[in-house]
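Below is one structure, written out as structure tokens, with a few remarks after it.
Each reported figure results from applying straightforward, stated rules to the coordinates on display, with no laboratory input. All values reported here derive from a predicted model rather than from experimental measurement. Glycine gets a Cβ as well: all are built from the backbone with ideal geometry, and neighbour counts include every protein chain shown.
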Amino acid sequence: MTDMPNATPKNSLLRQDARTVKRNRAETRFKAYGIAAISVGLLMLVILLVTIIGRGTGAFQQTFLTLDVQLLEAKLDKKGNRDLQDIKKVSTFGYAPLMAAALEKKVAESAVESDLKPKEMAALLSKDAAAQLRDFVLENTDLIGTSVQFRFLTNSRVDGYMKGRVTRESIANDKNINAAQLDLVDALVKDGALEKRFNLAFITGADASDARPEAAGMGVSMIGSLFMMLVVLALALPIGVAASIYLEEFAPKNLITDIIEVNISNLAAVPSIVFGILGLAVFINYMHLPNSAPLVGGLVLTLMTLPTIIISTRASLKSVPPSIRDAALGVGASKMQSVFHHVLPLAAPGILTGTIIGLAQALGETAPLLLIGMVGFIASNPPDGIASGLMDPNSAMPAQIYEWAKRADPAFYERAWGGIIILLVFLVTMNAIAVMLRRRFERRW
């Protein structure tokens, strides 16, 4: 009997050959490349979020100056009858001296040394401050003749100084503020009259002119986006679902349906600005619908969203097992009954998810809205009702952000970042709702 050798044969299965070793090393490198790519992507996402939050959170804070304003009856209600129509005749120019006097009195009471003239002191306040005071008086006419404590917006330079955006070195060539005014700002901060506070008006307010960026807000454009989404939801969902059901369940498979399916797929890849041109040509130039109206914006976004909803709905219908249809038909249900009573309920989670994702995509579109005139600073007040909200000129959140990013004042740029935060909150919320709806209604078989 011959003894077995102790050494492992050269081509043994217990030892990897050179080719296998090479392939394993290549696979290890490929995994490392994938992990590195994912890590870089996550890093870029973190950098993006940090940048957006870091530059945009300042928009949610604003600098206010608290003053005791004497609402002189001789200035605001000369007849003394508290007639609202007579009080309305006093323009914002009539309120400016009251604010200037209140600020001058505040400086004197605080023992702040300043060589500034009253007009230079009043320049620290926003140009929107007089309108704020006037609106307050019109709502509270019984306070005329008394002294009220009022919190005024300061101008964008003072606000920028408080946030570190404006420095004493950067104002060398700035005609809107000087070093003496910044000295007064520092003194008022020490006194507690001037401070940064949460700016609710940024969320609820309207756009403002280039001269008063500190008064600009997203509120009205948010309402414009809401009305557009209502139009998209009311039109795109029923039309898209009905078209999907017909194409998937009832339409014969022939050349015509093949052409329709190809066109739907192609429309999903068409640039959004093309839909804006279509909306401008059809809805405004041909149908003579009003420019900048959320109704027109909703119609344009409906055309853009329909392919997405149709594709997602057809995919949801295809995911329902054929056995469900066969079982329904086997117990005597008609084709219509099997689709609407059995197939459609099972496909509902996917349909809702696709619809919400389509709405989220439409919510962030800017190019088609710019072509139909939905830009910033066209609506200074919220709409009075549903008809006004649909037909009156308004803006939308992405268009508002685009307009702010174009303006020269750094305060508008800060508000553009803040608007992006609000838009991202809406988008994340809509996608979270889509996930929850899918998990809530999804059925497994």
**Message:** Restricting to Cα pairs below 8 Å that are 6+ residues apart, what does the relative contact order work out to for region 81-213? Please round to a whole percent.
**Reply:** 26 percent
**Complete:** Residue-normalised 222 nm signal for the chain, counting each DSSP H run of n ≥ 4 as -39,500 (n - 2.57), nearest 500 deg cm²/dmol, is -19000 deg cm²/dmol
**Message:** Can you tell me, using C-alpha contacts under 8 Å and at least 6 residues apart, the relative contact order of the chain as a whole percent?
**Reply:** 18 percent
**Request:** Could you list, in their original order, any pairs among Lys75/Lys105; Lys75/Lys163; Lys78/Lys196; Lys75/Lys190 whose Cα atoms are separated by more than 25 Å?
**Result:** Lys75/Lys163; Lys78/Lys196; Lys75/Lys190
**Request:** Determine the shape class of region 388-436: with a ≥ b ≥ c the square roots of the Cα gyration tensor eigenvalues, call it rounded for a/c under 1.5, and otherwise prolate if a/b is greater than b/c, oblate otherwise.
**Result:** oblate
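Taking a ≥ b ≥ c as the square roots of the Cα gyration tensor eigenvalues, with a/c under 1.5 meaning rounded and otherwise prolate when a/b beats b/c, else oblate, which class fits region 170-320?
On the way: a/c = 3.68, a/b = 2.90, b/c = 1.27.
Prolate.
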**Request:** Compute the relative contact order of region 219-441 as a whole-number percentage, counting only Cα pairs closer than 8 Å that sit 6 or more residues apart in sequence.
**Result:** 30 percent
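For the chain, what is the charge dipole size about the Cα centre, in debye to the nearest 20, if Lys and Arg each add +1 at the Cβ and Asp and Glu each add -1 at the Cβ? If you can, show how the numbers build up before the last one.
On the way: 44 positive and 39 negative charges, 382 e Å.
Once rounded to the nearest 20, the dipole reads 1840 debye.
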**Item:** Size of the chain as Cα extents on the principal axes (Å, biggest first)
**Value:** 117, 73, 37
**Asked** Can you pull out the trypsin sites (Lys or Arg not before Pro) in region 179-246 that DSSP calls coil and that have at most 16 other Cβ atoms within 10 Å?
**Response** none
**Prompt:** Relative to the longest principal Cα axis of the chain, at what angle does helix 410-441 sit, 0 to 90 degrees, rounded to 10?
**Reply:** 40 degrees
